[in-house]
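What follows is calculated from the coordinates using simple rules that are stated; it is not laboratory data. No experiment lies behind these values; they were computed from the predicted model shown. Cβ sites come from the backbone with ideal geometry, for glycine too, and all protein chains shown count toward neighbours.
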Ligand SMILES: [Zn+2]
């Protein structure tokens, strides 16, 4: 069966109806099928990268290349980009070229996009595009998730410093050397966060409730900079960074063991809450 994607505009419906009528009329002579019908039944490239697995495979096959509107791949990437869940919030939405690359550090696939009106390439999460949704920690609009995202973002450099000073990346649980992630251990990130929030709240230093969204990184961040009214947020962030640095220790886990550990933490939290 040929899959087709049709715009549901009235004009298209009407023209489809006409085409159908033409086909019925010309049933005895197929060569008379109007030429525009081939445009209608050609599968649109939107179908090409509609799952994570397909997208990843396609990107691997097309890595280390640039794509411009003259390349047939451009349309495929254009449609992929179009699926990004927060695209409507972007200032610049019109891509003029794509670059598929690999991250020098982790080797993971990276999609760079140059938008009309900007002279730099930006990273856009192809995972979010392929799944049509943001990662879990970015999904919800609720302030707790924003705060959590900003708190994680604020200590990213500390985590990457750990990686820089610990070169042998082996999972401490299963000795795998593939897809190694940094795990907060023995104190979980959530424990350190709760400890800090408790300490701050007891002093009346409530966490910031407004954040800035960083579309390039796909993350919420604390507001800071020179604006006087964001000074509180900046101080709060710095205080969190110091606290985290003092309390956080890490270990390496492979992504499979890390997921298992996270699941058991989640179950623990749920059962704690239900007490
Ligand atoms: Zn492991």
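Cα convex hull of the range 86-213: mean projected area in nm², to one decimal? Write out the running numbers ahead of the final one.
Details: hull surface 42.6 nm².
For the range 86-213, averaging the hull's shadow over all directions gives 10.6 nm².
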Binning at 10 angstrom from zero up to the longest distance, how are the C-alpha pair distances of the range 52-131 distributed in percent? 18, 57, 24, 0
Which order do 76, 157 fall in if you start with the one that has the fewest other Cβ atoms within 10 Å? 157, 76
